[in-house]
Protein chains: 2
Amino acid sequence: MIKINHVAIVVSDLEEAIDFWVETLGLTLEKRERAEAEAVEIAFLPVGEGEIELLQPTGEESGVARYLENRGPGLHHLCLEVDDITGTMERLRERGVELINETPRVSDDGQRRYAFIHPKSAGGVLLELYEFARDGGGD
Amino acid sequence: MIKINHVAIVVSDLEEAIDFWVETLGLTLEKRERAEAEAVEIAFLPVGEGEIELLQPTGEESGVARYLENRGPGLHHLCLEVDDITGTMERLRERGVELINETPRVSDDGQRRYAFIHPKSAGGVLLELYEFARDGGGD
């Protein structure tokens, strides 16, 4: 089972973007968070079973800042949630897909593994994969 | 209630794109369809409650063809499903948002109303809105 976890949008002004997506369009602002490792401030807007994430660079050196500089604001990446990120990445590798992360990274809270696929292997799309930890239950 | 209906991706070669998204990543190809009005061939890949749509231009004159020419392949637009497209568009207009379609268009099967918001009013994102017709049931 694969689903869209989030669509990430690069913005130059987070306040202005929240004004559009939340105040004007009617989405809900769940939280704002600074991700120091990626040098972005993120606004999380849940929408159905997924989320829209608004990313504003907090410095000039990050990948997101360079993207904004080169391409302007707009759609940045798509994240798909998969059941088995290791198996998926193995299959991608076998088929010659270039991965940005060779092995999944683990989120700070330990609940999520994630990896990026290089846009040149995904038709120009920066594609992220998520796998959430399952609640116990198994044997 | 708002949800992500689809994420549309412009591709230069639909066969190659299907090979990546379906054969390699594991999504399902539901159908392929030519949309003559937009001069594109579309592959529909259901994913959770939404869909990924792969768009390949079938001519050189369409908006999608120009996008591919200018920006290269990649994420093209985001479509949100809303309950009340007329009310949403009214609110957008009151707030000075530029709409590509001033009134909703109706799909050929009559089941869906849709409109595009101009990227310059949506932080660089080409944003589409959908409203599906409700099944009878009312009074």
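The values are calculated or read from the model by the stated rules, or taken from the named source; none is laboratory data. Since the structure is predicted, the reported quantities are computational estimates derived from the model, not experimental observations. All Cβ positions, even for glycine, are placed from backbone atoms using ideal geometry, and neighbour counts span all protein chains on display. We work out accessible area using only protein heavy atoms, side chains counted, and drop any ligands, DNA or RNA first. Shrake-Rupley method; radii C 1.70, N 1.55, O 1.52, S 1.80 Å.
Going through the range A:20-36 one residue at a time, which ones are loosely packed, with under 14 Cβ neighbours inside 10 Å and either within 8 Å of another protein chain (Cβ to nearest Cβ) or more than 17 Å from the chain's Cα centre (by Cα) (or both)?
A:GLU23, A:THR28
Could you identify the single residue in B:VAL97, B:VAL125 that is surrounded by 12 or more Cβ atoms within 10 Å (Cβ to Cβ), under 21 Å from A:PHE20 (Cβ atoms), among the aliphatic types (A, V, I, L, M) and in contact with a Ser or Thr (Cβ under 6 Å, 6 or more places away or on another chain)? Outline the logic, then answer.
Details: B:VAL125 fails: in contact with a Ser or Thr (Cβ under 6 Å, 6 or more places away or on another chain).
Just one listed residue meets the conditions, B:VAL97.
Considering only the range B:6-19, how many residues are farther than 18 Å from B:LEU129 by Cα and either free of Cβ contacts under 8 Å to residues at least 12 places away in the same chain or facing chain A (nearest Cβ under 9 Å) (or both)?
8
Taking A:ARG71 and the conditions (1) at pLDDT 95 or above; (2) more than 24 Å from A:MET1 (Cα to Cα); (3) open to solvent by 50 Å² or more (accessible area, probe 1.4 Å), which numbered condition does it fall short on, given that it satisfies the others?
The number of the failed condition is (1).
Could you please let me know if B:LEU68 is assigned to a strand (DSSP E or B) and within 14 Å of another protein chain (Cβ to nearest Cβ)?
Values: assigned to a strand (DSSP E or B): no; within 14 Å of another protein chain (Cβ to nearest Cβ): yes.
Taking the combined requirement at face value, the residue does not satisfy it.
Restricting attention to the range B:1-19, and to residues there that are among the hydrophobic types (A, V, I, L, M, F, W, C) and outside any strand (DSSP E or B), which single residue is most open to solvent (accessible area, probe 1.4 Å)?
B:MET1
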